[in-house]
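The values are calculated or read from the model by the stated rules, or taken from the named source; none is laboratory data. Only a predicted model underlies this, so the values are computations on that prediction, with no experimental measurement involved. Cβ placement follows ideal geometry from the backbone for every residue including glycine, while neighbour counts extend to all protein chains displayed. The protein model used for the area step is the full one, side chains on, heavy atoms only, and it has no ligands, DNA or RNA in it. Shrake-Rupley method; radii C 1.70, N 1.55, O 1.52, S 1.80 Å.
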Amino acid sequence: MTGVRYSPEFTLTRDFQYPPQKRSRVIWIGGGDWSGGGPEYNLANDIAAANAVFKSSVDVWQIPSTVYRLVAVSYSELGEKVFFQGAIGRNLVE
């Protein structure tokens, strides 16, 4: 998979039609920290899709809630500082 996708797991499962050498990794944003765990909203919404992600050959990196809450930015900041940084910047904002 090339590029950036911000989406629930069920959308990612459609991308698994590509051969493994064309995919790099899924960055899973959510869930509790590794020491204690915790509920994960997207996982609970589509358990079958989450299982497809974890059973695939794609690398999964988790960024737990204890980390991603440290880097909160507003939508206006994204529009001002990220949108104009090429195709990936536009994709992140749109």
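Residues whose amide H lies under 5 Å from that of GLN62, counting only those 5 or more places away or on a different chain, are TRP28; hydrogens are built 1.01 Å from N in the peptide plane. Put simply, the amide H of GLY31, placed in the peptide plane, has neighbours under 5 Å in TYR41, SER65, leaving out anything fewer than 5 places away on its chain. With the whole protein complex present, ILE47 retains an accessible surface near 100 Å², based on a 1.4 Å probe.
Once the C-beta distance of ALA72 and ILE47 is scaled by a Förster radius of 22 Å, the resulting FRET efficiency is 0.20 to the nearest 0.05.
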